Amino acid sequence: MRITFSVIKADVGSLVGHHTVHPQQLEVARSSLSKAKNEGLLTDFHVTAVGDDIQLIMTHQKGINSTQIHQLAWDTFMEITEKVSRKLKLYAAGQDLVATAFSGNMKGLGPGIAEAEFEERTSEPIVVFMADKTEPGAWNLPLYKIFADPFSTPGLVIDETLHSGCTFRVMDVMEDKFVDIDTPDEVYDLLALIGTPGRYIVHSVYRRTDGLFAAAASTARLALIAGKYVGKDDPVMFVRCQHGLPAVGEALEPFAFPHLVAGWMRGSHHGPLMPVSIKDARCTRFDGPPRVAALGFQLCEGKLIGPSDMFDDPAFDKARATANEITDYMRRHGPFMPHRLGPEEMEYTTLVSVLKKLEGKLKPASELQ
Ligand code: 13P
Ligand code: 13P
Ligand code: MG
Ligand code: MG
């Protein structure tokens, strides 16, 4: 059975600053998708939230970039904004809906999308990863480890079907171009690009033996859509697992290392990505630290069986403790880089006005005594 798996997310306003969502927002989302399921548009859905971002996890048979599905997600986010966010004066109502109206599909409108169409296998485990207070490039490092690092995924060495490696499709979000890179042969080329996560972002991954689709990530950058810096796009991705693909534990393993990502306070700081359960996916300290949650599903004729809350596990306590250590360490830098992002990556800055104020006082270096 061919199935399309679509994860579409947006921040449409939140409870207590950028902290979490309001339960009524999720109710509106569930009732909207439930109606679409009853009408036969969706096969199944699951609505969840990580921090102030709402994720619509949907299965259907309309293919990728379907106007009907994207319109459903857009209308759902608009309805939440009107019926709940504005009514309750939640913070930054409609935040990610940067376009004024829907136009054919979601690309360029603000919400993040990860989607793919594939043949459902005999058994189809999928893990959906969702982050708050960071950007799409945050998945680069974990995706590299899952699909190209044998020290993290031994399946690359010992599983016959994975042994030929994977193809990474990488977006250059500045130039709006993409390139396919084969690993392990071109692994250094891949790293040369994706080590710059603000520009080169992994879009999807395929198994090389047969081109089987393995993972998809959201790559939208609001800044580039709006033409000026308007903040970070809290990203989503999903990974198909087992039977010739990374095992579920191999997909989770990279998150035992809370790597540094861009985002956090005012979208303008580096901080550790902390793996948490859905119940702990609410940002607090310094509006963070940035968080990632993961829900695991089994597909059954397109139905979403589950979910299981994958980081709701003491096995990730050490990663959380390390993330808290890193949080203390980074915070001690105050307004200094590299805790604070470079000027070109900051959500907003006073640099221009400070320089203007100092204009009259600026003297040529040759006048230095
Ligand atoms: P499969 O090859 O059947 O996915 O099993 C591998 C496994 O899960 C071991 O961790
Ligand atoms: P969000 O991108 O999650 O809305 O957070 C914005 C922010 O400014 C946090 O300090
Ligand atoms: Mg927000
Ligand atoms: Mg957010």
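Which residue, of 148, 223, 192, is farther than 23 Å from residue 57 by Cβ and within 16 Å of ligand 4 (Cβ to nearest atom)? The match here is 223. For region 245-269, the tally of residues that are polar (S, T, N, Q) and either within 16 Å of ligand 1 (Cβ to nearest atom) or under 15 Å from the mean Cα position of the chain (by Cα) (or both) stands at 0. Among residues that are within 16 Å of ligand 1 (Cβ to nearest atom) and modelled with pLDDT of 95 or more, residue 147 is included.
Within region 49-77, the set of residues being more than 16 Å from ligand 3 (Cβ to nearest atom), under 13 Å from residue 112 (Cβ atoms) and in contact (Cβ under 8 Å) with a residue 60 or more places away in the chain comprises 57, 70, 73.
A search for C-beta distances below 6 Å between a residue of region 84-96 that is part of a loop (DSSP other than H, G, I, E, B) and any residue that is modelled with pLDDT of 95 or more and surrounded by fewer than 16 Cβ atoms within 10 Å (Cβ to Cβ), counting only pairs 6+ apart in sequence or on different chains, returns 93/86.
All conditions in (1) modelled with pLDDT of 90 or more; (2) within 30 Å of residue 279 (Cα to Cα) hold for residue 347, with the sole exception of (1). Just one of the listed residues (257, 297, 286) is aromatic (Phe, Trp, Tyr), surrounded by fewer than 24 Cβ atoms within 10 Å (Cβ to Cβ) and within 16 Å of ligand 4 (Cβ to nearest atom), and it is 286. Could you tell me whether residue 277 is within 16 Å of ligand 1 (Cβ to nearest atom), free of Cβ contacts under 8 Å to residues at least 40 places away in the same chain and surrounded by 10 or more Cβ atoms within 10 Å (Cβ to Cβ)? No. Of the residues making up region 5-28, those that are away from ligand 3 (no atom under 16 Å from the Cβ) and either more than 18 Å from residue 64 (Cβ to Cβ) or assigned to a loop (DSSP other than H, G, I, E, B) (or both) are 23, 24, 27, 28.
Go through region 25-54 and give me each residue that's out of contact with any Leu (no Cβ under 9 Å at 6 or more places or on another chain), more than 22 Å from residue 280 (Cβ to Cβ) and of a type in the set (A, V, I, L, M). 28, the sole residue that qualifies.
Filtering region 325-343 to residues that are out of contact with any Phe, Trp or Tyr (no Cβ under 9 Å at 6 or more places or on another chain), in a helix (DSSP H, G or I) and surrounded by 11 or more Cβ atoms within 10 Å (Cβ to Cβ) leaves 325, 326, 329, 343. All conditions in (1) at positive phi; (2) surrounded by fewer than 15 Cβ atoms within 10 Å (Cβ to Cβ); (3) within 16 Å of ligand 2 (Cβ to nearest atom) hold for residue 266, with the sole exception of (2).
Taken over region 226-244, residues that are at pLDDT 95 or above and either away from ligand 1 (no atom under 16 Å from the Cβ) or touching a Leu at 6+ places or on another chain (Cβ under 9 Å) (or both) amount to 8. The residues of region 114-165 that are acidic (Asp, Glu) and over 22 Å from the mean Cα position of the chain (by Cα), listed by number, are 119, 120, 159, 160.
What number of residues within region 28-48 satisfy the criterion of being touching a residue at least 12 places away in the same chain (Cβ under 8 Å) and either surrounded by fewer than 20 Cβ atoms within 10 Å (Cβ to Cβ) or over 19 Å from the mean Cα position of the chain (by Cα) (or both)? Qualifying residue count for the region: 11. Counting only strands (runs of 3 or more DSSP E) that sit wholly inside region 147-266, those with at least 3 residues that are touching a residue at least 40 places away in the same chain (Cβ under 8 Å) are 166-172, 200-207, 213-217, 236-240, 260-263. With the structure loaded, tell me whether residue 1 is surrounded by fewer than 24 Cβ atoms within 10 Å (Cβ to Cβ) and aliphatic (A, V, I, L, M) or whether it fails that test. Criteria met by residue 1.
The values are calculated or read from the model by the stated rules, or taken from the named source; none is laboratory data. Please read these numbers as outputs of a predicted model, since none were measured by experiment. Glycine gets a Cβ as well: all are built from the backbone with ideal geometry, and neighbour counts include every protein chain shown.
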